Amino acid sequence: MAQQLAMVIDAAKCIDCKGCVAACKVANNVPEGQFRNWIKSADVRVMPGISDRKARFQPGACMHCANPTCVAACPTGATYKDPDTGVVVIDETLCIGCGNCIPACPYHARYRNEVTRKADKCNYCPERRAAGLQPACVDTCPTKARVFGDINDPTSAAGALFRKNEERLTRVAALTDTKPNMYYLGDPGPAAWGGEAVVPASMVAMKESAPFIKGIVALSGLGVLAMLGRQLFAGSDHKEDTDA
């Protein structure tokens, strides 16, 4: 079975220290005023009828969805889901900075990097993973609220935690269900802040008409080959007439 790298987060352990946010910015050279990850907070009533309230903190980032709408919105194929790891990737060499993918994310996890002018978001720190390290936000968390790994692997920390608590895990709710791969234990506070994925109508039309366009291109190619063939035969007949 292919990997599905994901995060399982024990929201009760988050103390809102923002260490994960700072570590991410440093590790990934995120411009000032922009963020790849965040912590949402809310006051939640402890018991019905009692005025005392307790803060709930919800760490978050790109959800690396099973059905990522950002992929459908990308006109160049720069955004895609890696079939080997399940990570939603941005290929900067293909990204044209059009911004179509930004409103297509119902979790507001994407932005246009002010320095590179390309789409940007959490990518689970591939350089650190290649060196055998955890993503910066996971490594820095003092309470280990964030647990990262392959949830399809029961021997990994994330996989074991996922299976042990599968029946009570929650995910952020959005108007567009993209099947996010970020899971929360306990009460993570604001659970329904996700919005609706907005994919430009031009992209929808382009994808719907793709088979027709491919057919036209194929016919055009055949037409070009036919013309070349006629020219070659005509050239051969002209040569024979000249030799005669």
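The values are calculated or read from the model by the stated rules, or taken from the named source; none is laboratory data. Fair warning: this is a prediction, and the values are worked out from it, not measured in the lab. Cβ atoms come from the backbone with ideal geometry, glycine included; neighbour counts cover every protein chain shown. Only protein heavy atoms, including side chains, enter the accessible area calculation; ligands, DNA and RNA are left aside. Shrake-Rupley method; radii C 1.70, N 1.55, O 1.52, S 1.80 Å.
Values computed for the structure shown
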{"read-out": "Backbone HN-Hα couplings from phi across the range 159-166 [Karplus 6.51/-1.76/1.60, Hz, Gly and Pro as x]", "value": "x, 5, 5, 4, 5, 5, 10, 3"}
{"read-out": "Residue-wise HN-Hα coupling along the range 27-37, computed from phi with Karplus coefficients 6.51, -1.76, 1.60 (Hz; x: Gly, Pro)", "value": "5, 10, 6, 6, x, 4, x, 10, 9, 8, 9"}
{"read-out": "13 Å beta-carbon shell around N123, net charge (K/R +1, D/E -1)", "value": "+2"}
{"read-out": "For T140, net neighbour charge (Lys/Arg +1, Asp/Glu -1) across residues whose Cβ lies under 12 Å away", "value": "+4"}
{"read-out": "Separation in nanometres of the label points that stand 7 Å from Cα toward Cβ, at V115 and T76", "value": "1.9"}
{"read-out": "Residues of the range 116-151 with amide N under 20 Å of a point placed 7 Å along Cα→Cβ from I15", "value": "136-148"}
{"read-out": "Paramagnetic reach from M1 (point 7 Å along Cα→Cβ, amide N under 11 Å) across the range 156-192", "value": "159-160, 163"}
{"read-out": "Distance in nm between pseudo-label sites at K40 and E196 (7 Å out along the Cβ direction from Cα)", "value": "1.8"}
{"read-out": "Per residue, in Å², the accessible surface of the range 51-175 once ligands and nucleic acids are set aside, probe 1.4 Å", "value": "48"}
